[in-house]
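A short write-up of the structure that comes next.
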Amino acid sequence: MSGLQALIFDVDGTLADTERDGHRVAFNQAFANAGLDWDWSIELYGKLLAVTGGKERMRFYLDTYRPDVQMNDELIADLHKAKNQYYAQLLERGGIPLRPGVKRLLAAARAANLRLAISTTTTPANVFALLTGNIDADWFEVIAAGDIVPKKKPASDIYDYVLAQMKLPAADCLAFEDSENGLISAMDAGITTLVTINDYTQNHNFDRAKLVLSDLGEPNRPCQIIQGDTQGSTYVDLPLLTRLIAA
Ligand code: XBP
Ligand code: MG
């Protein structure tokens with residue numbers, strides 16, 4: 001059997017805009033609580049996002065902006081744990097909604113017996129914190145997240161892992177991403193990718209993407225087409241995805 005069989009979703013920036021008002025705020029809370037004078041502004045965080053993974057991002061910040069500060073991996077891991085607790089609290093307060101069209105598309109895919117998976121750099125607990133109250137985590141056959149693979153995005157490891165778990169060829173899957181690192185990861189795993197941009201990623205290089213949109217859109221709220229051809233569709237639905245994979 002061939003044709004579209006599974007949709008694989010990135011999390012941060014794709015399911016929801018979690019970076020600027022979620023992870024960034026939680027990082028700053030963790031830093032303040034630890035008595036550190038680090039404050040990651042919206043602008044600085046945009047630069048730090050070049051490095052995926054919260055622990056890796058902190059190490060990059062230290063190496064680049066605070067070379068005078070010595071911090072061992074254990075302390076970074078403690079800060080990261082605290083950050084994720086603040087992040088969960090923020091989500092519990094309903095701080096971050098899903099992006100347009102996400103829930104509609106997932107529900108349609110489920111109704112059509114398409115298989116669903118998650119492929120993300122973030123910590124597994126953060127995925128569940130975001131899904132709680134929004135989407136049943138059981139909808140996803142595989143939730144591949146965090147340190148489960150040796151190399152985070154842009155390496156293809158996390159997508160390779162999902163494909164292996166689902167025992168599916170890349171050609172029968174579609175990936176949803178929001179960033180250049182995510183796109184490289186999915187494409188290097190051989191998966192056709194649809195990108196929905198956000199403020200942090202709008203200037204990334206998405207040349208390899210099949211389609212680049214403002215968001216997934218809704219029937220009464222069209223998305224903007226940035227690159228590629230929706231053949232008249234004003235929002236992302238299953239017929240459009242089937243056409244994309246066949247093209
Ligand atoms: C996003 C990331 C993550 C989050 C923070 O990855 O790079 O590092 O910013 O999560 P994706 P952690 O878009 O693939 O979900 O602090 O748990 O790493
Ligand atoms: Mg992302």
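Some notes on this structure:
- Output for the stretch 125-146, where each listed residue is within 18 Å of Asn84 (Cβ to Cβ), open to solvent by 60 Å² or more (accessible area, probe 1.4 Å) and either in contact with a helix residue (DSSP H, G or I) (Cβ under 8 Å, 6 or more places away or on another chain) or in contact (Cβ under 8 Å) with a residue 60 or more places away in the chain (or both): Ala125, Phe128, Thr132
- For the residues Ala108, Ala155, the requirement of being assigned by TED's automatic domain parsing to the domain that holds Val195 and either more than 16 Å from ligand 1 (Cβ to nearest atom) or at pLDDT below 95 (or both) singles out Ala108.
- Failed item, numbered, when Thr122 is tested on (1) within 16 Å of ligand 2 (Cβ to nearest atom); (2) in contact with a Lys or Arg (Cβ under 6 Å, 6 or more places away or on another chain); (3) of a type in the set (Ser, Thr, Tyr): (2)
For every residue, the table says whether it meets (1) under 15 Å from the mean Cα position of the chain (by Cα); (2) open to solvent by less than 30 Å² (accessible area, probe 1.4 Å).
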| residue | (1), (2) |
| --- | --- |
| Asp10 | yes, yes |
| Leu15 | yes, yes |
| Ala26 | no, yes |
| Gln29 | no, no |
| Ala32 | no, no |
| Asp37 | no, no |
| Ile42 | no, no |
| Leu49 | yes, no |
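- Checking every residue in the stretch 172-183 against the condition of being free of Cβ contacts under 8 Å to residues at least 24 places away in the same chain and either touching a Lys or Arg at 6+ places or on another chain (Cβ under 7 Å) or within 21 Å of Val11 (Cβ to Cβ) (or both) gives zero matches.
- Note on the stretch 191-223: among residues that are more than 17 Å from the chain's Cα centre (by Cα), farther than 20 Å from Leu49 by Cβ and not acidic (Asp, Glu), the one that is least open to solvent (accessible area, probe 1.4 Å) is Gly217.
- From the options Ile226, Ile184, residue that is outside any loop (DSSP other than H, G, I, E, B) and more than 24 Å from Leu48 (Cα to Cα): Ile226
- Residue pairs meeting the criteria (Cβ under 6 Å; at least 6 apart or on separate chains; first within 16 Å of ligand 2 (Cβ to nearest atom), in the stretch 43-72; second β-branched (Val, Ile, Thr)): Thr52/Thr121; Gly53/Thr121; Arg57/Val51
- Filtered residues of the stretch 129-147 (kept if at pLDDT 95 or above and outside any loop (DSSP other than H, G, I, E, B)): Ala129, Leu130, Leu131, Ala137, Asp138, Trp139, Val142, Ile143, Ala144, Ala145
- Residue that is exposed (fewer than 13 other Cβ atoms within 10 Å of the Cβ) and of a type in the set (A, V, I, L, M, F, W, C), where the choices are Ala117, Ala112: Ala112
- In the set Gly146, Gly133, only one residue is within 14 Å of ligand 1 (Cβ to nearest atom) and at positive phi; that residue is Gly146.
- Residue list for the stretch 171-190, restricted to those being away from ligand 2 (no atom under 16 Å from the Cβ) and open to solvent by 20 Å² or more (accessible area, probe 1.4 Å): Ala171, Gly190
The values are calculated or read from the model by the stated rules, or taken from the named source; none is laboratory data. Fair warning: this is a prediction, and the values are worked out from it, not measured in the lab. A quick note on method: Cβ atoms are made from the backbone with ideal geometry, for glycine too, and the neighbour counts reach across all protein chains shown. Just the protein is used for accessible areas: all its heavy atoms, side chains included, with ligands, DNA and RNA removed. Shrake-Rupley method; radii C 1.70, N 1.55, O 1.52, S 1.80 Å.
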